[in-house]
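Novice: Can you keep this structure in mind? I'll have questions shortly.
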Amino acid sequence: MSKLDISQIEHIAKLSRLKLTDEEKKLYSEQLSSVLDYVEQLSLVDTKDVEPTANITGLKNVLREDEVEESGISHEDIKLNAQKKAVLNLKTVILSCQESLSK
Amino acid sequence: MNLNELTIKEASEKLAKKEITSVELTEAVFNRIDKVESKVGAYITLCKEKALEMARASDERRKNNKILSEIDGIPIAVKDLFLTKGVRTTAASKILEDFLPINESTPTKKLWEAGAVLIGKTNLDQFAMGSSTETSAYKTSKEFDSTTRNPWNLENVPGGSSGGSAAAVAADECIAAIGTDTGGSIRQPASFCGITGLKPTYGRVSRFGVIAMASSLDQVGPMTKTVEDSAILLKYLSGWDKYDSTSSKKDVPDYAKSINRNIKGLKIGIPKEFFGEGLDPKVNKVIEEAVEQLKSLGAEVVDISLPTAKYALAVYYILMPAEVSSNLARFDGIRYGHSTIKKQDASNSQILEEVYSKSRAEGFGSEAKRRIMLGSYVLSAGYYDAYYKKAQKVRTLVKKEFDQVFSKVDLIVTPVTPTPAFKFGEKVSDPLSMYLSDVMTVPANPAGLPAISIPAGFTDAASTKGGAGAPASGRYSNRGEGFIPDKRR
């Protein structure tokens, strides 16, 4: 029985880069705990000497030659979703990175 | 009969005989949409101008004897998870509310290259996460101020996540549609809406340009009025794509040629685990009658057991959220989509990490947040082995078990869902009970197996207010029967 407490939810929210309200933290703590409860039944399955499956096709190392080709996407197309102004202060980006690294 | 009620096969024949034009067909579809869409709410975006343009181009090609394929001129509805160049694509989320793709997904590109016509983008559960279309951020049904409703009974959900596509087909608001299936998202809504929905073998159809949910499980498939139509569409959707490294190089047969073969001697497996506790007795009865019908056509019924299949749901609810947490990391308020920055001005700049966490918190719905967090947890240090790696190992066992069973039978028949379509709001506040409704469709996905949902009968008399009309020839009535055919097919 794994009950996720608020501090665990806060940790997970940080890993997920999601800002949660206090109500959300409480709600998700209950809901996620019940889901984890359910999936924990896998511990009953004997998987000794069983290989994990990451991809069902069994394909490995699907590569191609490093050749350049036209993308078919024009410069105009690429700008379709660019915001009118990029509003990111470089100083705050650096400060934020420094903050994350020092943790 | 109204032109919008035709199947792909029927419409294709009438077009070929020049009895109708693609413009007439497309206009009939839009007339139907005008009549019932305010109740059904299948579409997030309608493309009438573009559709008529494509239809006129098709008629022009036909006049000059230059048609591209048997689906040239056929109006198709597309789940709003496929990137359609220049046509808004939202994944039913606020985070992509104004997103205009700069390229076309491979599956839709193949349809347009075959001459098909785009009607519009259908509603879905947000980022394909859900089994009822209720998690969509868009209220598409205007009359009821809700998301998509089941055309057979407007108080019921259409299923999900491809609920919009299923409803559009069932209500004849298109000739056919396409959707995606990660844990049952084509088959379950197909079952709830009484249409055919097919999930092909993993790798059969390219996933390039399809907004990713769980990359090792997602598959694109047709949602149609008849099984034959699914076979026709599958041919055009399938094939190797250099842009999808998981796509299969196997040849694409003319699937429609395999329809209506004699099934004498075909071995059908009935797994006892799918017919036990939790199965609605009315659904059970419908399936039993369908199996009897198959027997009378010459099929041989074999009792089988799939003891590991019951763990497939737990496997799915570990692996899928893990992959989701990775795939949705790109929505960061920087690259594209909703950003919290828009609300600020340059003088009030924020810490980068806050830009991420606020943008995402503002843009994602609660189901998306739940699954991202579940995924982050099962992949995190200290829990990876117990959850993620364990689930991958059980996945191997699920696959091995199916392989063994398929040495004894050609197909497996089960109900698609344990209950008929449920009512709005019934499961939305209890995520786990919503997840449990996937228990019968989910096993096919981690195993990569093809599976089809075919209507087998009604559980109750359908009550319609707005009516999808009587089924045309070749169509059965409602409710689910699930086939999990052998890969060989």
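FYI, it's all coordinate maths here, none of it is from the lab. Source: prediction; values computed, not measured. Every residue, glycine among them, receives a Cβ derived from its backbone with ideal geometry; neighbour counts consider all protein chains shown.
Novice: Taking 0.36 nm per residue of separation and subtracting the Cα-Cα distance, what length does fully extending residue B:56 through residue B:97 add? Mind showing how you got there, number by number?
Specialist: Details: separation 41, 0.36 × 41 = 14.76 nm, distance 2.97 nm.
Length difference between fully extended and current span is 11.8 nm.
Novice: Taking square-rooted eigenvalues a ≥ b ≥ c of the alpha carbon gyration tensor, is the protein assembly as shown rounded, prolate or oblate, where a/c under 1.5 means rounded and, failing that, a/b exceeding b/c means prolate?
Specialist: Numbers: a/c = 1.57, a/b = 1.16, b/c = 1.35.
In terms of gyration-tensor shape, oblate.
Novice: Ranked from highest to lowest mean number of other Cβ atoms within 10 Å per residue, what is the order of the peptides B:327-338, B:358-369, A:18-29? Intermediate values should be presented prior to the final figure.
Specialist: Details: B:327-338: 19.0, B:358-369: 21.1, A:18-29: 15.8.
Ranking the peptides B:327-338, B:358-369, A:18-29 by packing returns B:358-369, B:327-338, A:18-29.
Novice: If you don't mind, there's one more thing I want to ask. Under 1.5 on a/c is rounded, so check that first for segment B:1-66, then, if it is not, pick prolate when a/b is larger than b/c and oblate when it is not; a ≥ b ≥ c are the square roots of the alpha carbon gyration tensor eigenvalues. Present the calculation step by step, with values, prior to reporting the outcome.
Specialist: Numbers: a/c = 2.91, a/b = 1.60, b/c = 1.82.
Oblate, because a/c is 1.5 or more while a/b does not exceed b/c.
Novice: To continue, here is another question. As an exercise, identify the trypsin sites (Lys or Arg not before Pro) in segment B:120-161 lying in DSSP coil whose Cβ has no more than 16 other Cβ atoms within 10 Å. Walk me through the numbers before you get to the answer.
Specialist: Details: sites: B:121, B:139, B:142, B:149; in loops: B:139, B:142, B:149.
Those satisfying the criteria are B:139, B:142.
Novice: Please compute the modelled spin-label separation between residue B:48 and residue B:145, points set 7 Å along Cα→Cβ, answer in nm with one decimal.
Specialist: Label-label distance for residue B:145 and residue B:48, simple model: 2.5 nm.
Novice: Would you pull out the residues with amide H under 5 Å of residue B:99's amide H, same chain only if 5 or more places away, H placed 1.01 Å from N?
Specialist: Result for residue B:99 returns B:89.
Novice: Name the long-range amide H neighbours of residue B:267: under 5 Å, sequence gap of 5 or more, or other chain; modelled H, no Pro or chain starts.
Specialist: B:300, B:410, B:411
Novice: Taking 35 Å as R0, compute the FRET efficiency from the Cβ-Cβ separation of residue B:310 and residue B:63 and round it to 0.05.
Specialist: Numbers: r = 57 Å, r/R0 = 1.63.
Computed FRET efficiency for residue B:310 and residue B:63 comes out at 0.05.
Novice: For the peptides B:441-451, A:41-51, B:18-28, what is the packing order when you average, over each peptide's residues, the other Cβ atoms within 10 Å and list the highest mean first?
Specialist: Numbers: B:441-451: 27.5, A:41-51: 11.8, B:18-28: 18.9.
Per-residue mean Cβ counts within 10 Å order the peptides as B:441-451, B:18-28, A:41-51.
Novice: Sum -39500 (n - 2.57) across every DSSP H segment of at least 4 residues in chain B, then divide by the residue count to get the 222 nm mean residue ellipticity, nearest 500.
Specialist: -10000 deg cm²/dmol
Novice: Using a Förster distance of 35 angstrom, determine the FRET efficiency expected from the C-beta separation of residue B:389 and residue A:99, and round it to 0.05.
Specialist: Numbers: r = 32 Å, r/R0 = 0.92.
About 0.60, to the nearest 0.05.
Novice: At 7 Å along the Cα-to-beta-carbon direction for both residue A:61 and residue B:257, put a label point, then send me their distance in nm to one decimal.
Specialist: Simple spin-label model gives 3.7 nm for this pair.
Novice: In addition: Which residues does a label at residue B:264 reach in segment B:275-296, if reach means a backbone N under 15 Å from a point 7 Å past the Cα toward the Cβ?
Specialist: Only B:295-296 fall inside the zone, counting backbone N under 15 Å.
Novice: In what sequence, highest mean first, do B:272-285, B:399-412 appear when ranked by Cβ atoms within 10 angstrom? Each step should come with its number before you reach the end.
Specialist: Values: B:272-285: 14.2, B:399-412: 17.3.
The most tightly packed comes first, giving B:399-412, B:272-285.
Novice: If I model a spin label as a point 7 Å beyond the Cα along the Cα-Cβ vector, how far apart are those points for residue A:38 and residue B:288 in nm?
Specialist: 2.8
Novice: Take the cross-link list B:242/B:393; B:79/B:400; A:3/B:369; B:39/B:85 and give me the ones stretching past 24 Å between alpha-carbons.
Specialist: Working: B:242/B:393 29 Å; B:79/B:400 32 Å; A:3/B:369 18 Å; B:39/B:85 28 Å.
Among B:242/B:393; B:79/B:400; A:3/B:369; B:39/B:85, the Cα-Cα distance tops 24 Å for B:242/B:393; B:79/B:400; B:39/B:85.
Novice: Would any residue of segment B:315-337 have its amide N under 20 Å from a label point 7 Å out along Cα→Cβ of residue B:354? List them or say none.
Specialist: Zone members listed by number: B:332-335.
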